[in-house]
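What follows is a set of notes on a single structure, which appears directly below.
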């Protein structure tokens, strides 16, 4: 599985690069946001903070359940859009 020429190490390296870059960017943006909320006073600070906390408290499954009809509608329109493109290009 890990012999020379195997793609597993290449895939592992790609996964590591993606994971580390996303982790570093998340830590960077979160720490900047926390610093701004802690040090500066601006209009709407409390409302924005409550919205961020509320969005973190809602599980992904709830969001997915709410978005399921929208996703299905998008998929239906996508099929119609592709049919329209392919049929209009034919003589």
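Which of the residues belonging to the stretch 47-71 are part of a helix (DSSP H, G or I), at pLDDT 85 or above and surrounded by 10 or more Cβ atoms within 10 Å (Cβ to Cβ)?
48, 49, 50, 51, 52
Does the stretch 28-44 contain at least one residue that is modelled with pLDDT of 90 or more and within 16 Å of the chain's Cα centre (by Cα)?
Yes, the stretch 28-44 has at least one match.
The values are calculated or read from the model by the stated rules, or taken from the named source; none is laboratory data. A quick note: this is a predicted structure, and the numbers were derived from the prediction, not measured. Note: ideal-geometry Cβ built from the backbone for every residue, glycine included; neighbour counts use all protein chains shown.
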